[in-house]
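Remarks on the structure that follows.
The values are calculated or read from the model by the stated rules, or taken from the named source; none is laboratory data. Computed from a predicted structure; not experimentally measured. Don't worry about glycine lacking a Cβ; one is built from the backbone with ideal geometry, like all the others, and counts go over all protein chains shown.
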Amino acid sequence: MQVQLQRYTQRLIDEQCAKAGKIAICSQNDRICSFGNHDFAELGQQIVQELDCASVIVAEPLHPFPFLLLFRAPPSLAALVPRDSESRSSLHDIPLVRHCQNPTDFLAAICTALRKRKGCIVENIGLISQGSLTVEQSYIAWSSVLHATVIKYFEDLLTTGPQLTGEMETVLQYKNSCLKPFNTNSFLFLSSLPGYAQTIISEMSLAGQATVQLGLVDSFFGNISCAADTTLYISETSARLDELQSQIDPVPFDGSSTAGITASSELPAHRAIVCATGCKAILHGHPRFSVVMSFFAVPDDENLCRIASIPVVDGEGGVGGLAESLVRAFSLTGVKAVIIRGHGVFAISDTGFGEALAELAHVEQRCRDSYFTQLQERYQFE
């Protein structure tokens, strides 16, 4: 168990999610085990006992955006309601737990929040999540809350402007030190995709690793597919994109197999895009500034919403009409990438994953640039 707790701790550090030394993961089987920061571990153990859950993660995010959201919120506000689709479907809202001097009351407030939701923002601590059955559940919940809070913070900041002392300085430091230009050329993809299953799986695995390493997708938030003759190879539901090798389903286009049962819920969208465009490779990620800027897209002369000249469509995943919206946008515009409002980006290629990855990175870079241009124009900071 200790090895597993260490592994998830290292993931939070490697993915630049949480501060090293400010992470504790607790798990309960026949006894409660913990790894990490002593004070956080002590709190985590108490939460595990109170909730009788399988695991708890207590960690301080690497960047302070959840705290800034809490400090910007009215004192009476009990929870934040993000607008991005992943958060709406999996989290609903994110409870805010403010610090109180009495340790018993503080613990009770945290546990009350975690009985209702998978994770919460806790003043002076960070984010706390729980998993009812596995450590991985608490890890996914913690990552989901972080993803939601970063998107909501930057959406709120562009909408209302800075409200806290030193807030803009913090944001600009993050922009200048953390948001480096993307370099997709270091990933050695094949120039074209052959029809061999093992080669396709290797290319998809490399694409998944690349999207995670570049920060274009959180490890569980995205999916990948490749079309080869009569088969669509697609990542499985809840697959880690940086560990795809054994999590790819070969789904026949004619429906002659049940392989699609475990495939990503976005299978209908992938299949429709391939049939409409003839593309070979699809990357679907949730890069954060693309999601943020999708809320600010406006209609053009073709009655199609755009941001930074990139089409933005509406639609829910799975069977929620997303496939139809994406096909229309790709067909009307001839572009290689489309943003779904509040959801993410679909990037396609007729050749291979190198081009699809470059398109995905290009969209996120355009959205980053557009975001900070608009922020400066609206609020005139230096």
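General observations
- For the range 79-109, the set of residues classified as small (Gly, Ala, Ser) and more than 30 Å from Arg341 (Cβ to Cβ) consists of Ala108, Ala109, listed by residue number.
- Candidates Glu302, Glu324: the one that is over 29 Å from Pro162 (Cα atoms), in a loop (DSSP other than H, G, I, E, B) and modelled with pLDDT under 95 is Glu302.
- The range 169-199 - residue that is polar (S, T, N, Q) and touching a residue at least 60 places away in the same chain (Cβ under 8 Å) and, of those, surrounded by the fewest Cβ atoms within 10 Å (Cβ to Cβ): Ser191
- Residues that are over 30 Å from Glu266 (Cβ atoms) and either touching a strand residue (DSSP E or B) at 6+ places or on another chain (Cβ under 6 Å) or not assigned by TED's automatic domain parsing to the domain that holds Gln130 (or both) within the range 79-115 comprise Leu96, Val97, Ala109, Ile110, Ala113, listed in sequence order.
- Taking the criterion of being more than 28 Å from Asp156 (Cα to Cα), assigned to a strand (DSSP E or B) and over 19 Å from the mean Cα position of the chain (by Cα), the only residue of the range 277-299 that qualifies is Ala281.
Here is a yes/no grid of residues against (1) over 26 Å from Ile261 (Cβ atoms); (2) in the same structural domain as Lys280 (by TED's automatic domain parsing); (3) over 23 Å from the mean Cα position of the chain (by Cα):
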position: Val313; (1), (2), (3): yes, yes, no
position: Gly321; (1), (2), (3): no, yes, no
position: Leu326; (1), (2), (3): no, yes, no
position: Val335; (1), (2), (3): yes, yes, yes
position: Ile348; (1), (2), (3): no, yes, no
position: Thr351; (1), (2), (3): yes, yes, yes
position: Glu359; (1), (2), (3): yes, yes, no
position: Glu364; (1), (2), (3): yes, yes, no
position: Arg368; (1), (2), (3): yes, yes, no
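- Taken together, Phe330, Phe346 contain a single residue that is surrounded by fewer than 24 Cβ atoms within 10 Å (Cβ to Cβ) and in contact (Cβ under 8 Å) with a residue 12 or more places away in the chain, which is Phe330.
- Of the helices (runs of 4 or more DSSP H) lying entirely inside the range 107-215, those carrying at least 1 residues that are within 26 Å of Ile234 (Cα to Cα) are 135-160, 197-213.
- Some residue of the range 230-237 being in contact (Cβ under 8 Å) with a residue 60 or more places away in the chain, hydroxyl-bearing (Ser, Thr, Tyr), surrounded by fewer than 16 Cβ atoms within 10 Å (Cβ to Cβ) and closer than 30 Å to Ala276 by Cβ: no
- Residue, surrounded by the most Cβ atoms within 10 Å (Cβ to Cβ), within the range 29-47, restricted to residues that are touching a Ser or Thr at 6+ places or on another chain (Cβ under 7 Å) and part of a strand (DSSP E or B): Gly36
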